[in-house]
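This report refers to the structure that appears directly beneath it.
Each value in this text was obtained by applying a stated rule to the coordinates, not by laboratory testing. In this text, all values refer to a predicted model and were calculated from it rather than measured experimentally. For neighbour counting, all protein chains shown are included, and Cβ atoms are generated from backbone atoms with ideal geometry for every residue, glycine included.
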Amino acid sequence: MTKPTRIDPSDLLAVGDLLSDEERLIRDTVRRFTEERIRPHIGDWFERGVFPVRELAPELGALGVLGMHLDGYGCAGADAVAYGVACMELEAADSGLRSFVSVQGSLAMRSIHAFGSEEQKLRWLPGMAAGELIGCFGLTEPDFGSDPANMRTRAVRKGGDWVLSGSKMWITNGSIADVAVVWAQTEEGVRGFLVERGTRGLTATDVHGKLSLRASVTSELAFDEVVLPADAVLPGVTGLRGPLSSLNEARYGILWGTVGAARDCYTAALDYAKSRIQFDRPIAGFQLTQHKLVEMMLEVEKAYLVALRIGRLKEQGAARPPHISFGKLNNVRTALEIARSARTVLGANGITTEYPVLRHANNLESVLTYEGTSEIHTLVLGEAITGESAYR
Ligand SMILES: Cc1cc2nc3c(=O)[nH]c(=O)nc-3n(C[C@H](O)[C@H](O)[C@H](O)COP(=O)(O)OP(=O)(O)OC[C@H]3O[C@@H](n4cnc5c(N)ncnc54)[C@H](O)[C@@H]3O)c2cc1C
C-alpha cells in the first residue's frame, strides 16, 4: 500500500491508495473511457433525452463492464470492489450510464446467471456481456412499487405453455431490450420469465416528460396474454427472493456509483470557484464558499470509505442486506446534498448542461427512489437495529 505523498483535493484522505493496483487500473480505464466517449456528449444527450444504446453497448462490452462481477459466459468475474470502482467512474459521467450497466449486468444478467438453466445462460449471457444483446428487468408495476409482493402481473400454465398478462412500469431499457426478465405471480409463487423482443402480445411504450435520468430509456411493458414456452421460466427460484437478491446486487453498484456523481459535483464546484472572479477575487477565497467546498469534500470522502468498507465485506461474503441499505441510503442522500450545494457555487451557470451539477442532482432524484426508496432503506435499517418491522 502506498503512503499519500501529496494533498489531492479530489481525494484528500487518499482513499484511492487503499485500492489494489488492479482496482486502480480498472478505475482509471473506465474513467478514460467516460472522458473520451461520454463526457463530450452527455449534456446534449441529457437535453435531447436520448441514450445511444446500440452504439455504446458493444463499447461497454469491450470495456468489460457488462456483467463484470459474474463468472463465466464471457463475463469478467471481477471482485466486488473492482466492480464498485467501475460503477463509481460510470456514474461520475452520468447516472443514466451507470443505470444502463446496472440493469444489464446486476439485474437482467445476474438473474439469468443465478436462476437460469444452462440453455438460458448460453443463449443470453455471452451476447449480453458483449453488449450485442440488451436486457431489462421488470418488477415494478403501475400500482405496486415499494410493495412488489402484491404485484398483479400473472402467469398461468396452459398445456405445456405459460400465458403472461399484466404490465410493468418504469422499466429501464424496456423498449430496447432483446430480453425482458419479468417477475409474475403464479400458482407456486413469484416466478421469473424470459420474454424475448417481438413476442406476440408484448408492447413497450417509452415514458416521456422525465426531468431525471434523461439519458436513459424508461418504458412501460404491457403483456396481453403473451404465450411463452415452458422453458421461458427461470427454473432456479420461486418467490420474491429471486428479484430481491438481484436488486441487492444493483444497489451495491449504486452505493459506489453515487460516490462518483458526488465527486464530479464537488470537483466541478472546486474548479469553478478557483476561476470565477467576483468582488475582484476568486470566489474560492470567500469563507462561505470554502465552507461549502470543505463540507462537500468531507462527505465525498466519507461516502467513498463507506463504499469501500461494504465492498470489502462483500468480497468476504459478509455483506448482508442492511449493509447494502446503509450504503445506498447514506451515499445517495450525500450525493444529492453535494449536487445541490455545488449548484449554488456555480451560480447561474450551474443550471445549464454545460456543467454537470444540476444534471447529476436531477438524476439523483431517481436514484433516491429506485432500487428501494430512501424510506424503505430506512425501514430495513430500523428493523436491523431494533428487531421491529415497521413496513405495515
Ligand atoms: C428512472 C427510473 C428507472 C426505474 N427502473 C426500474 C427498472 O428497471 N425495473 C423496475 O422494476 N423498476 C424500476 N423503477 C421503479 C422503482 O424501483 C420504483 O419507482 C420504486 O421501487 C418506488 O416505487 P414507486 O415509484 O411505485 O413508489 P411508491 O412505492 O408508491 O412510494 C411512494 C412513496 O411512499 C413511500 N412508502 C411506500 N411504502 C412505505 C412504507 N411502508 N413506509 C414509509 N414510506 C413508504 C415511498 O418511500 C415513497 O416515498 C425505476 C424508477 C425510475 C424513476
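Ordering ALA215, LEU66, GLN287 by the projection of their Cα atoms onto the charge dipole of the chain, which places +1 on the Cβ of Lys and Arg and -1 on the Cβ of Asp and Glu, puts GLN287 at the extreme positive end.
Bridge orientation summary for the chain: considering DSSP beta bridges with both residues in this region, about 85 percent are antiparallel. Taking square-rooted eigenvalues a ≥ b ≥ c of the alpha carbon gyration tensor, is the stretch 4-46 rounded, prolate or oblate, where a/c under 1.5 means rounded and, failing that, a/b exceeding b/c means prolate? Note, shape of the stretch 4-46 comes out oblate. The phi-based Karplus calculation (6.51 cos²θ - 1.76 cosθ + 1.60; θ = phi - 60°) puts the 3J(HN,Hα) values of the stretch 259-269 at 5, x, 4, 5, 4, 5, 5, 4, 5, 5, 5 Hz, whole numbers, x for Gly and Pro.
Using unit Cβ charges (K, R positive; D, E negative) and no other charged atoms, how large, in debye to the nearest 20, is the dipole of the chain about its Cα centre?
Working: 42 positive and 49 negative charges, 107 e Å.
Here the chain has a charge dipole of around 520 debye.
Under a Gaussian network description of the chain, with springs only between Cα atoms under 10 Å, the residue in ILE324, ILE176, ILE277 that fluctuates furthest is ILE277.
Annotation for ILE277 and SER389: the two label points, set 7 Å from Cα along the Cα-Cβ direction, are 6.4 nm apart. The separation of the stretch 166-224 from the stretch 14-74, counted between C-alpha centres, amounts to 25 Å. Averaged over residues, the count of other Cβ atoms within 10 Å places the peptides 298-306, 19-27, 245-253 in the sequence 245-253, 298-306, 19-27, highest first. Within the listed set PRO58, PRO126, PRO229, the Gaussian network model of the chain (springs between alpha-carbon atoms below 10 Å) gives the highest mean-square fluctuation for PRO229.
Seen against the Cα atoms of the chain and their longest principal axis, helix 287-315 is set at about 40 degrees. Cross-link pairs exceeding 26 Å in C-alpha to C-alpha distance, out of LYS274/LYS328; LYS210/LYS314; LYS210/LYS292; LYS121/LYS314; LYS274/LYS302; LYS121/LYS168, comprise LYS274/LYS328; LYS210/LYS314; LYS210/LYS292. Give the shape of the stretch 119-258 as rounded, prolate or oblate, defined through the alpha-carbon gyration tensor: a ≥ b ≥ c are the square roots of its eigenvalues, a/c under 1.5 means rounded, and otherwise the shape is prolate if a/b is larger than b/c and oblate if not. Rounded. The angle separating the long axis of helix 80-93 from the principal Cα axis of greatest extent in the chain is about 70 degrees. Relative to the dominant Cα principal axis of the chain, helix 357-369 is inclined by about 40°. For the stretch 1-133, the square roots of the Cα gyration tensor eigenvalues, ordered a ≥ b ≥ c, give a/c of at least 1.5 with a/b no greater than b/c, which places it in the oblate category.
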